[in-house]
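Some notes on the structure that comes next.
The numbers here are math on the coordinates, done by the rules we state, and not lab data. What you see is a predicted model, and the numbers here were worked out from it, not measured in a lab. Heads up, the Cβs are rebuilt from the backbone with ideal geometry, glycines too, and the neighbour counts pull from every protein chain shown.
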Amino acid sequence: MIHSMTGYGKSILQLPTKKITIEVKSLNSKNLDLNARMPSIYRDKELSLRKLIGKELERGKIDFSLYVEMTGEESSTQLNKTVVKQYIKQLRDIVDGDETELLKMAVRFPDTLNTEREDIDEDEWEAILSEVKVALKNIGIYRLDEGKALETDFKIRLSNIESLLNQVIAMDPERIEGVRERLRKGVEELKEKVDENRFEQELVYYIEKFDITEEKVRLKNHLDYFNSALDSADSNGKKLGFIAQEIGREVNTIGSKSNYAPMQQLVVQMKDELEKIKEQLLNVL
């Protein structure tokens with residue numbers, strides 16, 4: 001079952017004095033590109049968080065955000081009363097004003113606020129970690145749903161390519177006969193008497209150069225392999241990309257060898273379907 005690299009997951013944790021919102025967003029990328037935003041108090045845990053997110057999401061351009069909204073009276077920022085009083089005393093020596101105006105001026109000066117570094121409460125962190133896992137589970141569900149939509153689209157386009165291939169197979173005898181007739185007509189226009197045995201030998205050599213039997217067989221095998229890879233337990237976008245390259249190689253060879261306009265038109269349609277598959281493969285995990 002394939003997974004998309006595009007996804008979104010969210011979880012909210014309500015603690016007695018704060019509300020914590022966790023969001024995870026992901027887009028396609030060849031490798032893991034993780035950007036994490038969180039308050040400085042939790043920075044000590046960033047490395048372990050990155051390992052967890054990388055293990056769960058594997059690949060993609062990922063934005064992880066942890067927001068904290070204080071909902072209680074608890075605060076790590078305190079007014080430095082001693083410093084404020086000193087500022088007010090110095091201001092009285094310079095200007096006249098009531099206590100309120102002097103206080104407004106004083107609190108704007110440096111060092112009037114003390115911010116104490118908080119230690120992480122381990123119980124709180126365990127609760128946060130549990131919600132991170134919920135957000136990762138949610139984005140996993142999102143990616144799986146997106147993957148199902150991609151898989152449906154892939155199978156439709158693979159079916160279209162196989163149908164076009166069947167038309168190529170059915171058309172091939174007509175193409176070979178057309179090549180034979182063109183060569184014979186060309187010889188007749190030269191008004192030359194030719195050795196029929198020699199002519200047949202040259203014709204066989206010429207037609208062998210344009211034989212696409214191997215390409216038809218390999219293309220059918222690659223289409224079957226792509227389908228079986230879609231149904232496998234793991235999601236491997238890179239593997240599917242390699243198979244798509246091989247499909248493209250066979251389609252191109254059929255086009256270059258066909259030397260027959262109706263068949264080349266079918267090849268153009270196959271290429272169009274394959275390009276749409278390749279575009280979507282960029283989103284597959």
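Details
- Averaging 1/r across all pairs of distinct Cα atoms in region 97-169 and inverting the result yields a Kirkwood radius of 19.2 Å.
- Among (1) 1.03; (2) 1.39; (3) 0.94, the entry that matches Rg/Rh (Cα atoms, Kirkwood Rh) as calculated here: (2)
- You can think of it this way: the chain between Ile88 and Glu126 has 9.2 nm of extra reach, that is 0.36 nm per residue less the Cα-Cα gap.
- Distance in nm between pseudo-label sites at Phe242 and Met105 (7 Å out along the Cβ direction from Cα): 7.6 nm
- Column: log10 I(q)/I(0), Debye, Cα scatterers of region 230-278, q = 0.15, 0.33 Å⁻¹: -0.46, -1.19
- On Cα atoms only, tilt of 122-189 relative to the major axis of the chain in degrees: 20 degrees
- Highest average packing first - 170-179, 259-268, 1-10, Cβ atoms within 10 Å: 1-10, 259-268, 170-179
- Prolate/oblate/rounded label for region 1-40 (Cα gyration tensor, a/c 1.5): oblate
- Contact order relative to length of the chain, as percent, for alpha carbon pairs under 8 angstrom and 6 or more apart: 27 percent
- For Lys276, the shell of other residues with beta-carbons less than 13 Å away shows a net charge of -1, using +1 for Lys and Arg and -1 for Asp and Glu.
- Using only the C-alpha atoms, the convex hull of region 147-281 corresponds to 92 Å³ per residue.
- If R0 equals 22 Å, the separation of the Cβ atoms of Glu174 and Glu208 corresponds to a calculated FRET efficiency of about 0.80.
- Over 32 Å between alpha carbons, listed pairs Lys148/Lys209; Lys10/Lys271; Lys25/Lys155; Lys61/Lys257; Lys51/Lys238: Lys148/Lys209; Lys10/Lys271; Lys61/Lys257
- Gain on full extension, evaluated as 0.36 nm per residue between Arg50 and Tyr225 minus their Cα-Cα distance, stands at 59.5 nm.
- Measuring spread by the Cα atoms of region 1-109 yields a radius of gyration and Dmax of 23.2, 77 Å.
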